[in-house]
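One structure is given here, and the rest of the page talks about it.
Laboratory data are not the source of any read-out in this text; all were calculated from the coordinates shown. Values in this document were obtained by computation on a predicted structure and should not be read as measured data. Here the Cβ positions follow ideal geometry from the backbone for every residue, glycine too, while neighbour counts run over all protein chains shown.
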């Protein structure tokens with residue numbers, strides 16, 4: 001089950017908006033955040049699959065994905081998509 005952002009974290013950075021073509025290859029392959037860094041994957045349009053280990057979550061507008069610190073994950077665009085990632089400490 002995907003966790004929620006803790007109430008005590010504060011946003012400090014946001015990526016550019018990516019689409020199915022411009023998404024960095026690093027996000028398509030397994031990676032992790034730094035210690036104590038949370039992320040929130042925000043889909044503006046389309047669908048994105050967020051993969052944590054064997055679990056897959058469908059993300060869409062209004063249904064973000066939460067990235068826990070140092071948990072290995074990756075994303076997979078499902079056709080046309082626009083999204084960005086916010087980072088929290």
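Structure notes:
- Exposure proxy order (Cβ contacts within 10 Å, fewest to most) of 74, 13: 13, 74
- Both numbers refer to the Cα atoms of the chain; Rg and Dmax are 12.0, 35 Å.
- Based on C-alpha pairs under 8 angstrom that are at least 6 apart in sequence, segment 11-88 has a relative contact order of 47 percent.
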